[in-house]
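We did not get these values from a lab; they are worked out from the coordinates using the rules stated. Just so it is clear, the structure is predicted and the values come from calculations on it, not from any experiment. Methodologically, a virtual Cβ is constructed for each residue, glycine included, from the backbone with ideal geometry; neighbour enumeration extends over all protein chains shown.
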Amino acid sequence: MRYSGFSLIAQSLKGHAGWGPAWRDASPKSTYDVVIIGGGGHGLATAYYLASRYGVSNVAVIEKGYIGSGNAGRNTTIIRSNYLLSENIPFFESSMKLWEGLEQELNYNAMVSQRGALLLCHSDAQRDAFARRGNAMRLAGVDAEIMEVEQIRAMLPFLDYENARFPIRGGLMQWRAGTARHDAVVWGYARAADARGVDIVQNCEVTGISVENGRVVGVDTTRGQIKAKKVALAVAGNSSRVAAMAGLRLPIESHVLQAFVSEGLKPLLNCVLTFGAGHLYISQSDKGGLVFGGGIDGYNSYAQRGNLPTIEDVMEAAMGLWPALGRVRVLRHWGGIMDMSMDGSPIIDHTSVQGLYINAGWCYGGFKATPASGMCLAHLVAKDEPHPVAAAYRLDRFATGRLIDERGMGAQPNLH
Amino acid sequence: MSKQPLRLPNGGLVDRARTLSFRFDGKSYDGHAGDTLASALLANGVGLMGRSFKYHRPRGLLSAGPEEPNALVELRAGARREPNTRATMVELFQNLEATSQNRWPSLRFDVLSVNGLAGPALVAGFYYKTFMWPAAFWEKLYEPLIRRAAGLGRAAEFEDPDHYEKAFAFCDVLVIGAGPAGLSAALTAGRSGARVIICDEDFQLGGRLLAERREIDGRAAADWLATTLAELASLSEVRIMPRTSVYGLYDHGIYGAVERVSDHVAVPPPHQPRQRGWRIYAKRAVLAAGALERPIVFAGNDLPGVMLAGAVRAYVNRFAVLPGRKAVIFTSGDSGWATVRDLAEVGAHVAAVVDSRSEIKPEFKSLASRVGARVFAGSVVEATRGGRALRGITVRDASGKRTALACDILAVSNGWNPTLHLTSHQNGKPVWDEEIQAFVPGVLPPGLSVAGSAAGRFTLAEALQDGARLGREAASEAGFAMAAAQPAPTTDAEASELKPIWRVKGRKGKAFVDLQNDVTDKDVELAAREGFRSVEHLKRYTTLGMATDQGKTSNLSGLALMAEQTGKAICDTGTTTFRPPYTPVAIGALAGHHRGKDFRPVRLTPTHDWSREQGAVFLETGQWLRAQYYPKFTDKDWLSTVNREVLATRGGVGICDVSTLGKIDLQGTDAAEFLERVYINAWKTLPIGKARYGLMLREDGFVMDDGTTSRLGENHFLMTTTTINATKVMQHLEFCHQVLWPHLDVRMVSVSEQWAQVAVAGPRSREVLRGIVDAKHDISNEAFPYLAAREISVGGGIPARLFRISFSGELAYELAVPADYGQAMMRALMAAGQAFGITPYGLDAMSVMRIEKGHVIGSELNGQTTVRDLGLAKMMSSKKDFIGRLMAKREALVQSDRPTLVGFKPIDKGKSLSGGAHFVGIRRANKLENDEGYVTSVAYSPNLQHWIGLGFLKNGPARIGERIRAVDLVRNSEVEVEICSPVFFDHEGTRLHG
Amino acid sequence: MRIACPHCGLRDLQEFTYLGDASPSRPDGLAATESAMFDYVYLRENPRGLLEELWFHNAGCRAWLAVCRDTLTHTIQSVVPANKRKKGAAA
């Protein structure tokens, strides 16, 4: 049933008895044209675009738990395209454009809210670095604006302008950036893909990838073998492990990134705010909770939980930036497993196994990339050639040196 | 003023001699020491304490503890305003001020309670289905409305005036919870001599013992409690921490706890923090956090007056407050009957007991008849009546017959859930115990055991036994030998049978599963219908369990209702995951003192005070404060100061503190070999007494750092690093030695803080130095040429190091003395240089001079650049292996069109330049594909009298003389520039050798 | 998390910095090939389970340590100074 205010009101008169499942809880068929491993945002978006844009609908999305149980449901919901490097900007901007029409396209309100994302700077050198980034964005046709301290103060009067250890010197604002409701993105893509014939198979863990004569032929799962002409991996956090099933080694480490939400509060913060003198980004959800993130804990982990030094570091930054937060309480914190690549940028590419494609290495940036990642992986799978905006995300760039290192940290994943 | 109409004349643990006045929503009330805000409000007959999240329904107390979903208030006011504070956890203090929240204009008349009328449309997830047209209306109309209606309390708008601190504790045994189980555990462990810490979130120790009328060893439990607390207090290795919530369990026995040091007073006393965030490192821990009672889902189960039965007992027994005048008990197990007994004990009228079980034990029947309560066996409460307070209920018996009863309090009991939260903080999944119909701890985190109710062993006897046994085990595992076990105390009899019911299907009215977030049974049904059947989908779709109580009273009901919908058993439906913190923790307590100026440490150079005396303006560079410039009254503005400093240095002599550079002392017979491997250039050939510029790469072939390194002896080198990379380089060198080449004979130590170092630059610098260098050292140009580096003495025997190196391009030296002599060195230099017009210069002047000379710093060494990009490829030795050698050869790193370092200057000499601009061709559109590079550093050169800049331009060195635009779109500037050599001044370097 | 530094005793996580997989060996010398160096720099073990990894005790004795740790449970099996380790302890 199509979602709308009218259907909602009509249903509310009938006790909402008429709503069917948002997507079918499919059982796997024995064979598909394409099997996508990973029922997160990226996998579901890939399936949706395969079916809706590339005419490939004999597709299964295989998920070991429930859809959206990985990083899609654990991130801090930020969407933005304020990148520095020419390899990244067009990709993330194409993602932003897809976000802008997503809800109407999917007929699902994912609460895409372009409330602006402000990166604060705390020194002249940092300001110049942000100018370099802002100029790169503007050259790419992306909105970016340097904000002066007084403009920031007018907008965010509660920050520490008087007594800060690292005083705010300005910021780089992208007004079109913002947030989206992460779970709704998953459900919206799932529902729309399902409507176009995609099978979404939950509680189905892949245990092996079958390769014959250098070509992928299917996957083994806890629900039996599934044959497939093509297999695509969208399992960020576990990319190394799943790729290893096909004998591949990836330039990726798995790290824990923690996130935090406060108790619900009346509206305080109307943009996404990033502290430039520590690891911290904050936004406020529509429900009222302040959503915080910081840096990764810094050690390899699959535990989906972190430790106190990082927790305290994030909260120190919060107090350092916004000293009225002292009495606001952290309600919940959790961790997600990040695919940290060796240059901090993602990989969307074919592999040395024919018919096997990977989408990995998203580091912190996976959520905002969801639509474009789905589109580009769908393009790659359907046409066997990279989508123009993702052409740089090659697996062999580490060997050739065509690195995409936004932060200049080198082959040290925990520094990206 | 009211006189606490519902306060009982006797009993309880409140101190009637100490009356405390407080305000709620502007109205004054009295309570007593020992009250919580909740109990004091209740004593005053205030039943309406809050409004729910979505429908803004009137709400009163459900509980007497941390699980409270309804009675949330804004505590205190102004900068100390603390939203969403559970009234049940607030210790009453004199002049306490609290305000209800999430209502407008008042708690009694809340406009948004109309949401309740729109209820049929506002089902779970309704917002995902609408508000999509037109697209632009979301941010402009729908979302602002939703945001305004959502949220709960208001955060403070001003800086928190109170202090917080961090503290660290180490112990052998940590006991979490000071109820009967925890106290027994602490006592047994404490007797062994082990270091024990026992924490409890309450301000009074005793846990459920405070709320129940029980006997231990044949006497009132209060006696046992007093004796036990007295003995614990007498044990020197036992630390008792009331008002302390252990909120999280982290790896390797590290527990996060927050101590509410001053929350029970209006304003913290002088020098006391409001709260203290603890990290407790425990060898072993015993979780004795008790259990939380479960409600039942039925229509109207949210009216003020519907309360957990155990909470009713807490209010009656501990706080001596009668929550209502006419009570009905609705229970599915034996524990609800304790409320009948306790209410009767204080003379309350118990109108009826509704027990969902058809068999009633004889002792309960006789209890009911003794107190004059009607008994409805095999019956349920189907509905409630009342507006802002409960006025009555409808009971339905097994035959479907309905009976209306008047009452103003309904005590609900549906068994208990172990407070096992901490056991799942390390991904441990609770397991379903069919017998007690509750989740109990599954696989436990290392070092943690669980005692009493928290383990699903709900009787007092079990709590005492578990505590004694596990306290003993924990101490012994921590290495403390124990005397023979003593038998656990005996208790009075306790009936604890249970047959829980999860919901009563009613005919109409909302039945709430999650009270705070207003999730009803219908919402769970809808979620099931729409396929959100996984527990996590259910939570995320309906928001069940996502409120500030974290689902303490709702998660299991939600799960049970979903199980009902899907026809599965509860254990097959899923488990609830508890994420830390156990109860919400103030951000201030997690941050401690790290705020304001104390957010991060400040590092001062050894000459800082001298610089301040000279009137320096300081700049943050990382943690360092460095002198940026030294303004004089006669200077017109910042730029004129910088120009003056530059011209004075180039024309005479200037001094500048460079102590922040990293300094690493390397010694050993393989020190030279080691340097060969970490630097790209040659080091074995460096003569003793000479310095050399060095560049090191990361192993991936990009530039890591640069600096000069001097050979002070055959096997002794002193390396300098950039300020920002000092730590990183040290770590890298240790890695290279310890991990890659442990066989090399080299040792290294950072001496960055041991030496004060100053640059003395300018044509008169040698003459100035002669004034302080001891005469026996010949520093003439012949004896001490460019790049000489030697250990000398100054000021009559003070050890020093002199390096003839230059960042400014002038005849220059860097002089280092032990850090304590730093200020004296500056004063001596100033005195010696007076005749030559010596001028202190800061970072800005230094930057101008280094840009004039094309020297690179962090802006250019940004981790994205190669040696080739910097124009220094010829430094790379081909005769040896070094870190980064092979990866630097990758095709993309040696491509000719890589952006490479160039200088540039404006065509119109009057124009200024800006950092971060991009290079775009003259007649090219401002588009990404025409982006040819970017500007890294700019400065006004007072020597050239125009702006100059450094940047990276594609194929740069081949384009000297070309004109291009430096486009700064974000600052609305665009300057036509000419590409030139990055060396703007003294190309031949003659001044260096002067 | 706490790491039992062989020199300093049991110390909190925040005294240490992390490098990662300890298994790759640097192909030293002029004869090393670019492809061997590529493997060394870019390919790391990333198991869900035991991993031998390098930590630096930067706020302590400055020793590089080889720590054998489970990446799923964070349990630490062994800690030895990196220059005294036997390769492949996690295997």
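Between A:I209 and A:D220, the built amide H atoms are under 5 Å apart, and every one of these is 5 or more places off in sequence or on another chain.
Shown here are the Rg and Dmax of the Cα trace of chain B, at 37.8, 115 Å.
Once you have the Kirkwood Rh of the range B:663-750 from its Cα pairs, apply Stokes-Einstein at 37 °C and 0.692 mPa s and quote D in µm²/s. Don't jump to the answer; show the numbers that get you there.
Values: Rh = 12.7 Å.
Answer from the Stokes-Einstein relation: 259 µm²/s.
Kyte-Doolittle mean at least 0.5 and Cα extent at least 27 Å along the axis: which DSSP H helices of chain B qualify? Mind showing how you got there, number by number?
Working: long enough: none.
The qualifying helices: there are none.
Stretching B:S981 away from B:R391 to a fully extended chain increases their span by 203.5 nm, per 0.36 nm per residue minus the current alpha-carbon distance.
For chain B, what is the relative contact order in percent, using Cα pairs closer than 8 Å and at least 6 residues apart in sequence? Please list the in-between numbers first.
Details: 2366 pairs, mean separation 88.2, N = 994.
Result for chain B is 9 percent.
Of the beta bridges DSSP finds with both residues in the range B:7-98, what % are antiparallel, to the nearest 5? In the range B:7-98, DSSP labels about 80 percent of beta bridges as antiparallel. Taking the number of Cβ atoms within 10 Å of each Cβ as an exposure proxy, the fewest-first ranking of A:L380, B:L112 is B:L112, A:L380.
Between B:R16 and B:T566, the contour length at 0.36 nm per residue exceeds the Cα-Cα span by 192.7 nm. The packing ranking of peptides A:384-391, B:416-423, B:403-410, highest mean first, is B:416-423, B:403-410, A:384-391, where packing means the average number of other beta carbon atoms within 10 angstrom of each residue.
Nothing charged except the Cβ atoms of Lys and Arg (+1) and of Asp and Glu (-1): what's the magnitude of the dipole of the protein assembly as shown about its Cα centre? Round to the nearest 20 debye. Walk me through the numbers before you get to the answer.
Values: 171 positive and 155 negative charges, 534 e Å.
The calculation lands at about 2560 debye.
Between B:Q486 and B:R924, the modelled label-to-label distance comes to 8.6 nm, taking each label 7 Å out from Cα in the direction of the beta carbon. Residues in the range B:957-994 near a label at B:N781, defined as backbone nitrogen under 17 Å from the 7 Å Cα→Cβ point? The answer is B:986-994. Projected over all directions and averaged, the alpha-carbon convex hull of the protein assembly as shown occupies 56.4 nm².
Contact order, relative form, for the range B:846-994: 30 percent (alpha carbon pairs under 8 Å, 6 or more residues apart, mean separation divided by residue count).
Note on chain A: helix-only mean residue ellipticity at 222 nm, from DSSP H runs of 4+ residues weighted -39500 (n - 2.57) and normalised by residue number, equals -9000 deg cm²/dmol. Note: relative contact order over the range B:663-750, using C-alpha pairs below 8 Å and six or more positions apart, is 39 percent. By the gyration tensor of its Cα atoms, with a ≥ b ≥ c the square roots of the eigenvalues, what is the shape of the range A:119-175: rounded for a/c under 1.5, prolate for a/b over b/c, or oblate? Judged from the Cα gyration tensor, the range A:119-175 comes out oblate (a/c at least 1.5, b/c at or above a/b). Taken over the alpha carbons of the range B:889-994 as equal point scatterers, the Debye sum produces base-10 log I(q)/I(0) values at 0.09, 0.23 Å⁻¹ of -0.24, -1.23. Counts of other chain beta carbons within 10 angstrom of each beta carbon in peptide B:926-937 average 4.
Taking the highest mean first, how do the peptides B:453-463, B:204-214, C:76-86 order by number of other beta carbon atoms within 10 angstrom per residue?
On the way: B:453-463: 24.1, B:204-214: 21.8, C:76-86: 15.7.
Ranking, from highest mean packing down: B:453-463, B:204-214, C:76-86.
For chain A, hydrophobic long helices are taken as DSSP H runs at least 27 Å long by C-alpha position along their axis with mean Kyte-Doolittle hydropathy of 1.6 or more; none is present. In angstrom, the C-alpha Rg and Dmax of the range B:140-250 are 20.5, 69. Summarising the strand pairing of chain A, around 70 percent of its internal DSSP beta bridges are antiparallel. Counting other Cβ atoms within 10 Å as a rough exposure proxy, the listed residues A:W362, B:W224 run B:W224, A:W362 from fewest neighbours to most.
Given the protein assembly as shown, what percent of its DSSP beta bridges are antiparallel, to the nearest 5? Display every interim value, and only then the final one.
Details: 202 of 272 bridges.
Bridges in the protein assembly as shown are about 75 percent antiparallel.
Ranking of C:Y18, B:Y164 by neighbouring Cβ atoms within 10 Å, starting from the fewest: C:Y18, B:Y164.
Could you compute the FRET efficiency for B:S236 and C:K84, with r as their C-beta to C-beta distance and R0 at 56 Å, rounded to 0.05?
Values: r = 41 Å, r/R0 = 0.73.
Between B:S236 and C:K84 the formula returns 0.85.
Using a simple spin-label model with pseudo-atoms 7 Å out from Cα toward Cβ, B:D908 and B:S896 lie 3.5 nm apart.
I'd like the mean, over residues of A:3-16, of how many other protein chain beta carbons sit within 10 Å of each residue's own Cβ.
On the way: counts 5, 5, 7, 1, 2, 10, 5, 1, 6, 7, 2, 1, 5, 11.
Neighbouring Cβ atoms belonging to other protein chains average 5 per residue here.
Peptide B:116-128 has a mean shielding of 5, counted as Cβ atoms of other protein chains within 10 Å of each residue's Cβ. Ranked by the mean number of other Cβ atoms within 10 Å per residue, highest first, peptides B:752-765, B:660-673 order as B:752-765, B:660-673. Counting only the backbone N, which residues of the range B:911-932 are under 16 Å from the spot 7 Å out from the Cα of B:R971 toward its beta-carbon? Under 16 Å, as judged by backbone N against the label point of B:R971, lie B:911-920 of the range B:911-932.
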